[in-house]
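Report on the structure given below.
The values are calculated or read from the model by the stated rules, or taken from the named source; none is laboratory data. Since the structure is predicted, the reported quantities are computational estimates derived from the model, not experimental observations. Here the Cβ positions follow ideal geometry from the backbone for every residue, glycine too, while neighbour counts run over all protein chains shown. Keep in mind that these areas ignore ligands, DNA and RNA; they rest on the heavy atoms of the full protein, side chains included. Shrake-Rupley method; radii C 1.70, N 1.55, O 1.52, S 1.80 Å.
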Amino acid sequence: MLSEVTGNAQPIAIRAEHLTREIGGRAIVRDMSFEVGRGELLAIVGPSGSGKSSLLRLINRLDEPTSGTVYLDGQDYREIAPRELRCRAGMVMQRAFLFPGTVASNVRFGPLQRGERLSDDDVEKLLAQVDLAGFGARTVERLSGGEAQRVSIARSLANRPEVLLMDEPTSALDEELARQVEQVILDVLRSRELTCLFVTHNRTQARRIADRVLTVVAGAAVGIGKPEELVDA
């Protein structure tokens, strides 16, 4: 396993074992094994088409592995219902796919699927965590790209996740907005002690934010370590 040493004293939040996905006889993700410590931010870097996003989609079973499995807090994720898994491992995409309506209705969406309605106070607290206090009544059509991405983060947080999976969440934004959203993400991760897998094509960003970096080439994990060791490799 690439990550027999996690570099962290904390318990393991995610362990991937021989994770593989094949399509039409071609391996999109090839025999990946690694561990992520609780509260750690693992950046996943590599060339375009290397399998970074495909790996992330396997972590919460948006796609199914051909072989291998993932352990979430020690539990084989094949034993977890997909809806529960996607609450525990929330996904934030490159672009914020928000539902028509208000910011508050978007934040409430996940809990409502479990029969739980967040109070106005709860919604406001979540929005305050992503620097959008007072935005609950605003319609999503009135949001900037950075604001929409922060709503997407708040919507994931509403499910009380153990892990956040982030697929290039700042790459569609200009540099100033990207840095603002990046800081919001770091603040949320620290305040909640959340584990995060963060796909980025930007090696400078990975060096800036990550505790460790996993490098992926042609669907395979080729190295894992501290950012200064691997980002420029």
Condition check for Ser144: among the polar types (S, T, N, Q) and either closer than 21 Å to Phe109 by Cα or in contact with a strand residue (DSSP E or B) (Cβ under 8 Å, 6 or more places away or on another chain) (or both): yes
Single residue of segment 23-55 satisfying the filter (among the charged types (D, E, K, R) and closer than 18 Å to Thr200 by Cα) that is surrounded by the fewest Cβ atoms within 10 Å (Cβ to Cβ): Glu40
Some residue of segment 56-74 being in contact with an Asp or Glu (Cβ under 6 Å, 6 or more places away or on another chain), in contact (Cβ under 8 Å) with a residue 24 or more places away in the chain, within 21 Å of Arg203 (Cα to Cα) and open to solvent by less than 30 Å² (accessible area, probe 1.4 Å): yes
Answer from Thr215, Thr195, Thr204, Thr170 - the residue that is without any contact (Cβ under 8 Å) to a residue 60 or more places away in the chain, of a type outside the set (A, V, I, L, M) and over 18 Å from Gln149 (Cα atoms): Thr204
Candidate set: segment 81-103, residues that are touching a helix residue (DSSP H, G or I) at 6+ places or on another chain (Cβ under 8 Å) and without any contact (Cβ under 8 Å) to a residue 40 or more places away in the chain; chosen: the one most open to solvent (accessible area, probe 1.4 Å): Arg83
Search result, residues across segment 1-51 that are modelled with pLDDT under 95 and among the basic types (Lys, Arg): Arg26
Any chance Glu141 is outside any strand (DSSP E or B), crowded, with 18+ Cβ neighbours inside 10 Å and among the acidic types (Asp, Glu): no
Options Leu127, Leu132, Leu165: the member that is assigned to a loop (DSSP other than H, G, I, E, B), modelled with pLDDT of 95 or more, open to solvent by less than 30 Å² (accessible area, probe 1.4 Å) and in contact with a Lys or Arg (Cβ under 9 Å, 6 or more places away or on another chain): Leu132
